[in-house]
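The values are calculated or read from the model by the stated rules, or taken from the named source; none is laboratory data. Bear in mind that the values here come from a model prediction, so they are computed numbers and not experimental data. We place every Cβ from the backbone using ideal geometry, glycine too, and count neighbours over all the protein chains shown.
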There are 2 protein chains.
Amino acid sequence: MKKVFILGSTGSIGVNCLSVIENLSEDFEVVGLTVNSNTELLHEQVKKYNPKFVVVKDESASQNIKDKLPTECELLTSEKGLLKASSELDYDIFVGAMVGFAGLAPTIEAVKRGKRIALANKETLVVAGELVTNLCRENGSEILPVDSEHSAIYQCLIGENLNEVEKLVLTASGGPFWDKDKSFFENATVEEALDHPNWKMGSKITIDSATMINKGLEVIEAHWLFGLTVKKIDVVIHPQSIIHSMVQFVDGSIKAQLGLPDMKLPIQYALTFPKRVENNFGRTNLPSIGSLTFFEPDLNKFECLKLAFDALTEGGAAPCILNAANEVAVSKFLQKEIRFSHIPLLIKKALNSVENIFSQDLATIFECDRKTREYVQGLI
Amino acid sequence: MKKVFILGSTGSIGVNCLSVIENLSEDFEVVGLTVNSNTELLHEQVKKYNPKFVVVKDESASQNIKDKLPTECELLTSEKGLLKASSELDYDIFVGAMVGFAGLAPTIEAVKRGKRIALANKETLVVAGELVTNLCRENGSEILPVDSEHSAIYQCLIGENLNEVEKLVLTASGGPFWDKDKSFFENATVEEALDHPNWKMGSKITIDSATMINKGLEVIEAHWLFGLTVKKIDVVIHPQSIIHSMVQFVDGSIKAQLGLPDMKLPIQYALTFPKRVENNFGRTNLPSIGSLTFFEPDLNKFECLKLAFDALTEGGAAPCILNAANEVAVSKFLQKEIRFSHIPLLIKKALNSVENIFSQDLATIFECDRKTREYVQGLI
């Protein structure tokens with residue numbers, strides 16, 4: 001029986017992960033759940049999955065559930081509780097499904113214990129890819145990507161030799177705006193940006209998909225996961241989101257992984273790898289889909305994607321600055337305090353102004369993240 | 001240095017194979033070539049590749065080259081010479097690139113010696129799949145498929161577990177007639193049938209592509225190569241011939257192999273496997289291709305494809321009967337002695353009339369092949 005600890009159990013990935021585990025209940029059990037503040041859904045999940053511990057990061061929210069937990073379920077709170085759960089409590093698989101920079105520290109604790117990391121939180125690798133991948137090697141911890149793109153690449157690389165990869169091709173739906181004019185971005189509303197054509201996801205990642213920085217973050221993530229230089233990573237727009245990504249080898253052969261846009265598949269794969277387990281998820285019927293189309297992304301229009309490539313090329317903490325500036329900008333956009341077109345402007349200013357550092361020390365990364373947020377807040 | 005013996009060196013696969021080996025000249029050398037009767041091209045090839053032996057199957061044609069060969073190059077003739085070369089001469093890789101049933105006996109000799117078989121001659125597995133795959137197991141011989149579809153599946157299965165395959169999906173260009181009305185078949189000309197949209201191949205296989213029996217033969221070949229039942233093998237029409245085939249796993253994940261329609265890629269893979277070797281073959285640019293489309297094949301229209309599924313379901317020598325009847329019918333169609341629409345009629349009659357046998361003895365298979373040809377000849 002594999003014990004699963006899900007960080008961010010009430011988000012889109014967390015909820016899907018629980019539903020996947022229901023189908024795998026002979027081999028997997030939920031032992032721990034964490035939420036930021038959604039104690040209502042957490043309470044439902046506790047009743048259903050009976051975990052041994054839960055963490056509520058927001059201390060005041062934790063009061064809402066304190067008296068509703070079964071006695072055998074331990075309650076931890078705050079960032080400290082989250083780190084304690086990751087570093088001390090009993091689990092086999094760490095599912096990193098929380099959003100943003102907050103995922104980094106607890107993931108590092110799990111890596112240090114040599115756990116399997118099912119990683120949906122791409123920021124962990126974006127801001128501290130070198131540190132985290134080094135720690136993985138040292139501690140025998142294995143990262144199984146949960147992003148559909150990286151899961152696709154992982155699957156295409158099984159049995160292949162990384163030295164024989166010519167390039168990775170990450171596919172991007174292009175989000176709701178891929179075929180809009182750049183002039184449209186000036187007045188794009190929050191509602192329009194949240195209307196993703198294929199994927200039902202949280203609001204942060206949906207906005208990231210509309211600016212296409214999400215694909216940029218994935219390029220950085222792919223760089224660290226698969227150890228390939230930025231020149232060997234391409235992005236292609238594929239609006240149907242059926243081909244989840246591809247690997248082109250030195251002989252010119254391309255392998256692709258396909259499936260419906262349903263996160264349950266990469267989540268299950270990350271849990272059960274190297275096994276594949278039968279399920280009742282929808283199957284892909286290509287004749288009924290009819291046509292798969294492909295376009296070059298316009299980097300002049302999707303400046304955020306270009307900025308991500310630039311940050312990866314620059315190296316050091318540039319991806320950390322990019323990510324922090326983006327997190328602030330997206331949150332301000334969702335609060336309707338800035339325009340959609342301001343997001344790349346703020347990121348660009350941060351990359352130009354916040355001092356880049358080339359140390360992979362965790363404290364330095366935290367400091368760089370903090371400084372960037374402060375800087376971008378000051379611009380608004 | 002790997003020594004390569006190419007059976008059928010002047011056909012489309014043979015010529016491509018020689019061009020692939022030029023790019024691999026540090027690790028591969030041509031030691032043997034065989035032709036049916038095209039001694040003119042064989043002579044050019046001998047001058048260029050300097051093989052240690054050649055076989056000319058047509059004895060009278062062999063007279064044309066006899067005095068032109070360098071003294072160190074051995075000349076063998078007739079079926080007997082072909083079998084002698086396969087069973088006695090020195091080589092490491094046997095490239096089965098000849099057309100039709102004629103490929104069976106020499107391939108079996110190579111299998112018995114435990115050689116690597118780069119197999120383009122699908123009839124070998126169609127007519128004697130059980131015998132050949134059993135011999136492979138007994139003699140440690142490995143078949144590397146050269147058909148683009150089977151090479152695609154082979155590549156998609158690397159590192160995967162055959163027990164976790166839900167189905168294979170063979171893609172078919174559909175040939176020149178896939179979107180024509182069935183009524184069109186009545187008067188389809190040889191020239192129209194030979195006008196394949198994507199692949200430049202020999203005339204037999206191009207007609208097989210127009211009737212779609214080629215895909216049916218590939219279904220049978222896939223059954224033997226990968227050990228999956230007929231119910232686990234699907235065909236999808238994909239007119240662009242970019243996705244060469246796919247594997248769907250029990251978790252719903254699909255892996256596909258893509259590339260330009262160029263036989264050099266699967267040929268090289270069959271030679272260099274498990275390595276992939278850099279080359280200057282064209283690369284696939286999906287945005288410039290734009291769109292990949294998919295359709296269900298119409299088995300009512302493409303009766304030959306249905307007959308192949310039926311023959312595989314029936315088992316025994318039914319695929320051998322199907323293949324022999326088709327070889328006669330196609331040759332008669334190419335000679336303009338029968339209509340395009342007669343091809344499935346002749347095959348159906350043969351399947352209904354020639355006695356099926358369930359022994360996997362080579363002599364019995366030969367006898368069944370002979371009887372079928374005689375029967376179909378008698379109908380015309």
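Please go through region B:159-193 and pick out each residue that is within 11 Å of chain A (Cβ to nearest Cβ) and not in a helix (DSSP H, G or I).
B:Gly159, B:Glu160, B:Asn161, B:Val165, B:Glu166, B:Lys167, B:Val169, B:Thr171, listed by residue number.
When residues of region A:65-78 are filtered for being crowded, with 16+ Cβ neighbours inside 10 Å and either part of a helix (DSSP H, G or I) or at positive phi (or both), how many remain?
1
For the condition modelled with pLDDT of 95 or more, buried (at least 18 other Cβ atoms within 10 Å of the Cβ) and under 18 Å from the mean Cα position of the chain (by Cα), what is the one hit in A:Ile237, A:Ile220, A:Ile205?
So the residue among A:Ile237, A:Ile220, A:Ile205 that is modelled with pLDDT of 95 or more, buried (at least 18 other Cβ atoms within 10 Å of the Cβ) and under 18 Å from the mean Cα position of the chain (by Cα) is A:Ile220.
Identify the single condition in (1) within 14 Å of chain B (Cβ to nearest Cβ); (2) among the aliphatic types (A, V, I, L, M); (3) part of a helix (DSSP H, G or I) that A:Ile205 does not satisfy, given that it satisfies every other one.
It is condition (1) that A:Ile205 fails.
Which pairs do you get when a residue that is touching a residue at least 60 places away in the same chain (Cβ under 8 Å) and β-branched (Val, Ile, Thr), found in region A:78-93, comes within reach of a residue that is surrounded by fewer than 17 Cβ atoms within 10 Å (Cβ to Cβ) and outside any loop (DSSP other than H, G, I, E, B), reach meaning Cβ atoms under 6 angstrom, with the pair 6+ apart or on two chains?
These pairs meet every condition: A:Ile93/A:Lys2.
Of the residues A:Glu314, A:Glu327, A:Glu355, A:Glu337, which single one is surrounded by 19 or more Cβ atoms within 10 Å (Cβ to Cβ), more than 24 Å from B:His244 (Cβ to Cβ) and acidic (Asp, Glu)?
It is A:Glu327.
Looking only at region B:149-158, which residues are within 12 Å of chain A (Cβ to nearest Cβ) and either surrounded by 22 or more Cβ atoms within 10 Å (Cβ to Cβ) or under 18 Å from A:Glu278 (Cα atoms) (or both)?
Matches in region B:149-158: B:Ser151, B:Ala152, B:Ile153, B:Tyr154, B:Gln155, B:Cys156, B:Leu157.
Could you tell me which numbered condition B:Ala256 fails, if it satisfies all but one of (1) outside any loop (DSSP other than H, G, I, E, B); (2) out of contact with any His (no Cβ under 9 Å at 6 or more places or on another chain); (3) at the interface with chain A (Cβ under 7 Å from one of its Cβ atoms); (4) touching a residue at least 60 places away in the same chain (Cβ under 8 Å)?
Tallying (1) outside any loop (DSSP other than H, G, I, E, B); (2) out of contact with any His (no Cβ under 9 Å at 6 or more places or on another chain); (3) at the interface with chain A (Cβ under 7 Å from one of its Cβ atoms); (4) touching a residue at least 60 places away in the same chain (Cβ under 8 Å), B:Ala256 fails exactly one: (2).
Which residues, taken from region B:371-380, are in a helix (DSSP H, G or I) and surrounded by fewer than 16 Cβ atoms within 10 Å (Cβ to Cβ)?
Selection gives B:Glu374, B:Gln377, B:Gly378.
Given the residues B:Gly81, B:Gly100, which is the only one that is away from every other protein chain (no Cβ under 14 Å), crowded, with 19+ Cβ neighbours inside 10 Å and under 14 Å from B:Val54 (Cα atoms)?
Selected residue: B:Gly81, the only one of B:Gly81, B:Gly100 that is away from every other protein chain (no Cβ under 14 Å), crowded, with 19+ Cβ neighbours inside 10 Å and under 14 Å from B:Val54 (Cα atoms).
For region B:278-288, what are the residues that are more than 7 Å from chain A (Cβ to nearest Cβ) and touching a residue at least 24 places away in the same chain (Cβ under 8 Å)?
Hit for region B:278-288 is B:Asn280, nothing else.
So is B:Leu144 touching a residue at least 12 places away in the same chain (Cβ under 8 Å), over 15 Å from the mean Cα position of the chain (by Cα), within 14 Å of another protein chain (Cβ to nearest Cβ) and within 27 Å of A:Leu162 (Cα to Cα) or not?
Considered against the rule, which asks whether it is touching a residue at least 12 places away in the same chain (Cβ under 8 Å), over 15 Å from the mean Cα position of the chain (by Cα), within 14 Å of another protein chain (Cβ to nearest Cβ) and within 27 Å of A:Leu162 (Cα to Cα), B:Leu144 comes out as no.
Restricting attention to region A:212-232, report how many residues are more than 26 Å from A:Asp195 (Cα to Cα) and part of a loop (DSSP other than H, G, I, E, B).
Residues meeting the conditions: 3.
Mind listing whichever residues of region A:110-132 are assigned to a helix (DSSP H, G or I) and surrounded by fewer than 18 Cβ atoms within 10 Å (Cβ to Cβ)?
A:Lys112, A:Glu130 - these are the residues of region A:110-132 that are assigned to a helix (DSSP H, G or I) and surrounded by fewer than 18 Cβ atoms within 10 Å (Cβ to Cβ).
Quick one: would you say A:Lys200 is over 19 Å from the mean Cα position of the chain (by Cα), more than 22 Å from A:Asn300 (Cα to Cα), of a type outside the set (S, T, N, Q) and not in a helix (DSSP H, G or I)?
Criteria not met by A:Lys200.
From the list B:Lys264, B:Lys231, B:Lys275, which residue is surrounded by fewer than 22 Cβ atoms within 10 Å (Cβ to Cβ) and either more than 10 Å from chain A (Cβ to nearest Cβ) or polar (S, T, N, Q) (or both)?
Going through B:Lys264, B:Lys231, B:Lys275 in turn, the sole match is B:Lys231.
When region A:240-253 is examined, which residues are found to be under 21 Å from B:His150 (Cα atoms) and either in contact with a His (Cβ under 9 Å, 6 or more places away or on another chain) or in a loop (DSSP other than H, G, I, E, B) (or both)?
Result: A:Val250, A:Asp251, A:Gly252, A:Ser253.
In a helix (DSSP H, G or I), under 30 Å from B:Ile321 (Cα atoms) and in contact with a strand residue (DSSP E or B) (Cβ under 9 Å, 6 or more places away or on another chain), is that true of B:Ser62?
Spelling it out, it is not the case that B:Ser62 is in a helix (DSSP H, G or I), under 30 Å from B:Ile321 (Cα atoms) and in contact with a strand residue (DSSP E or B) (Cβ under 9 Å, 6 or more places away or on another chain).
Taking region A:289-300, which residues are buried (at least 19 other Cβ atoms within 10 Å of the Cβ) and either more than 7 Å from chain B (Cβ to nearest Cβ) or among the β-branched types (Val, Ile, Thr) (or both)?
Matches in region A:289-300: A:Pro297 only.
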